[in-house]
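So the structure is just underneath, and the comments pick up after that.
The values are calculated or read from the model by the stated rules, or taken from the named source; none is laboratory data. Small disclaimer: the values here were computed from a predicted structure and weren't measured. Cβ placement follows ideal geometry from the backbone for every residue including glycine, while neighbour counts extend to all protein chains displayed. Just so you know, the surface numbers come from the protein's heavy atoms only, side chains and all, with ligands and any DNA or RNA stripped out. Shrake-Rupley method; radii C 1.70, N 1.55, O 1.52, S 1.80 Å.
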Amino acid sequence: MIYDAASFSTYRHDFPMMAATNRGKPLVFLDSAASAQKPLAVINAMQQFYSQQYANIHRGIYEISESASHQFEQTRETVRQFIGAKKAEEIIFVSGTTAGINFIANTLSLGSDNRQAFKAGDEVILTEMEHHANIVPWYLLAKRIGIRLRVVPINDEGELDLAVYQSFFNDKTKLVAVSHVSNVLGTINPIKTMAEMAHHHNVPILVDGAQAAPHLPLNVTQLDVDFYTFSAHKLYGPTGIGVLYINERFLHDLPPYQGGGNMIRTVSFDEVTFAKPPHCFEAGTPSIASVIGLHAAINYLSTIGMDNVRAHELELLDYAETQLKSHPEITIYGRAKEKVGLLSFTLGAVHPHDIGTILDHAGIAVRAGHHCAMPLMERFKVPAMVRIAFGIYNNTADIDHFFQACESIKGMFQ
Ligand code: PLP
């Protein structure tokens, strides 16, 4: 499909929230990196499921339960295609990226028949640009077991230092855990190269794809990663659901993470036998309607085409960067060669929270704060930043509104 800028003005109408107001002003939504708005296709699919098709899955022997189970498993297949996995079994439904990372931290640290459990002195490689979701689970293991965290630094442009990354591997290295895209800098990390380097040392790699899946065409098989996780709510889908891809080479090697219904074959007080993957990793009743909503979101995105989503967001980024030239008082953090459509900045000496509040009163929704990336704030020696982040529905008029509001902020603080 060829990128056609005009069709994106039509897509905007697919999102009812684009007609909403904020503080009595027409909403200008520039916070898609926190959570994206939902198209009618998603809202309707979930409403239809709840009002006409709802039943629990994998249990009922009646028609609507069988149909719900079918739709649930169909979504697994749709996710498989969307991220280029080889098998549907490699797709595990979790509640989001945070849950996906905690899943891997907990199961890998336990070990299995073929793999040793993490022990004191083992090393996990992270980077300076990680979201707290990809720091705290490892910190907890560091406190509990005594593993050591090695942190790859970034340069002033916001790109990883791959020479340092390379130098970190040794016989204690047990895992690399890295974000595909930084939620603050927008940097797209060279995951394929990083996976190759990790595998060269026999080390698996976990990728936090929370900020990549909504913006880039994705193929986990080509990237050759071991684990990849993302959240539906940033992908124009519902909250409460996400995906953890487990490469088939690990699928039969990880112990069950949580125990409960749905994940077993037989249970007695003396012995439990487990269902096959992926079901042995999905204990309890999942967020069924959210899975249906995720299916609708992926179908919606696939109709547009992820190449087109990427082209649209790059066009907006380019437009915003051109406008920036006439705003020298704005400092941008993150100038990587490969970026997604987001910009984090400070404006003169004005505190980011004040900027966020003033923009809010102009109807403009942005994120202001530490962005769940405190080590990165420390790296750039700022307490906080403001972030604008683009989605399918944004247009150049949104960016114009934003820069006009910046002008008035400057006026207020001069
Ligand atoms: N990783 C990154 C890079 C993120 O941007 C976020 C959310 O902002 C997360 C992880 C956590 O995602 P969730 O809160 O959906 O689990």
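Data for the structure
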quantity: Cα→Cβ-extended label distance, 7 Å offset, between residue 262 and residue 303, nm; calculated: 2.8 nm
quantity: Protein-only accessible surface order, largest first, of 13, 371, 132 at 1.4 Å; calculated: 13, 132, 371
quantity: Accessible area of residue 160 in the full protein assembly, 1.4 Å probe (Å², nearest 10); calculated: 20 Å²
quantity: Inter-label distance, nm, simple model (7 Å from Cα along the C-beta direction), residue 374/residue 271; calculated: 4.8 nm
quantity: Highest-fluctuation residue, 300, 165, 11 considered, GNM on the chain with Cα pairs under 10 Å; calculated: 11
quantity: Cα gyration tensor shape for the chain, rounded if a/c is under 1.5, else prolate or oblate; calculated: oblate
quantity: Label-to-label distance, nm, for residues given as residue 70 and residue 222 (7 Å Cα→Cβ offset); calculated: 3.4 nm
quantity: The chain, helix-only ellipticity at 222 nm - DSSP H runs n ≥ 4, -39,500 (n - 2.57), divided by all residues, nearest 500; calculated: -11500 deg cm²/dmol
quantity: The chain: DSSP helices with Cα axial extent of at least 15 Å and average Kyte-Doolittle hydropathy no lower than 0.0; calculated: 97-110, 288-304, 396-413
quantity: Carbon/sulfur fraction of accessible area - the chain, other protein chains in place, 1.4 Å, %; calculated: 53 percent
quantity: DSSP beta bridge pairing in the chain, given as percent antiparallel to the nearest 5; calculated: 60 percent
quantity: Length-normalised contact order of segment 114-218 in % [C-alpha pairs under 8 Å, at least 6 apart]; calculated: 28 percent
quantity: In Å², nearest 10: area of residue 192 left accessible to a 1.4 Å probe; calculated: 100 Å²
quantity: The chain: most fluctuating residue of 225, 124, 350 per GNM, C-alpha cutoff 10 Å; calculated: 350
quantity: Theoretical gain in end-to-end length, residue 314 to residue 5 [0.36 nm per residue, Cα-Cα removed]; calculated: 110.1 nm
quantity: Sparse-neighbour loop sites [trypsin sites (Lys or Arg not before Pro); segment 320-400; at most 11 other C-beta within 10 Å; DSSP]; calculated: 325, 337, 381
quantity: With all protein chains modelled, accessible area of residue 17 [1.4 Å, Å²]; calculated: 80 Å²
quantity: Partners for residue 87 among lysines (Cα-Cα distance below 18 Å; same-chain residues under 8 apart left out); calculated: 276
quantity: Dipole-positive endmost among 261, 279, 231 within segment 43-302 (Cβ charges, Cα centre); calculated: 261
quantity: Segment 43-302 - accessible surface per residue (Å², probe 1.4 Å); calculated: 41 Å²
quantity: Relative contact order of segment 341-408, pairs being alpha-carbon contacts under 8 Å that are 6 or more residues apart, as %; calculated: 39 percent
quantity: Pairwise FRET efficiency - residue 162 versus residue 326, Cβ, R0 = 41 Å, nearest 0.05; calculated: 0.70
quantity: Cα gyration tensor shape of segment 129-229, rounded if a/c is under 1.5, else prolate or oblate by comparing a/b with b/c; calculated: rounded
quantity: Charge dipole (debye, nearest 20) of the chain; +1 at Cβ of Lys and Arg, -1 at Cβ of Asp and Glu; calculated: 560 debye
quantity: Normalised contact order of the chain, rounded percent, pairs of Cα under 8 Å and 6 or more residues apart; calculated: 24 percent
quantity: Length added when fully stretched, residue 155-residue 114, from 0.36 nm per residue minus Cα-Cα; calculated: 10.9 nm
quantity: Sequence-distant aspartates and glutamates (8 or more away, or on other chains) whose Cα lies within less than 20 Å of residue 410; calculated: 321, 329, 354, 360, 398, 400
quantity: Listed residues 75, 285, 127, most fluctuating in the chain (Gaussian network, C-alpha, under 10 Å); calculated: 285
quantity: Rounded if a/c under 1.5, otherwise prolate or oblate - segment 211-337, Cα gyration tensor axes; calculated: prolate
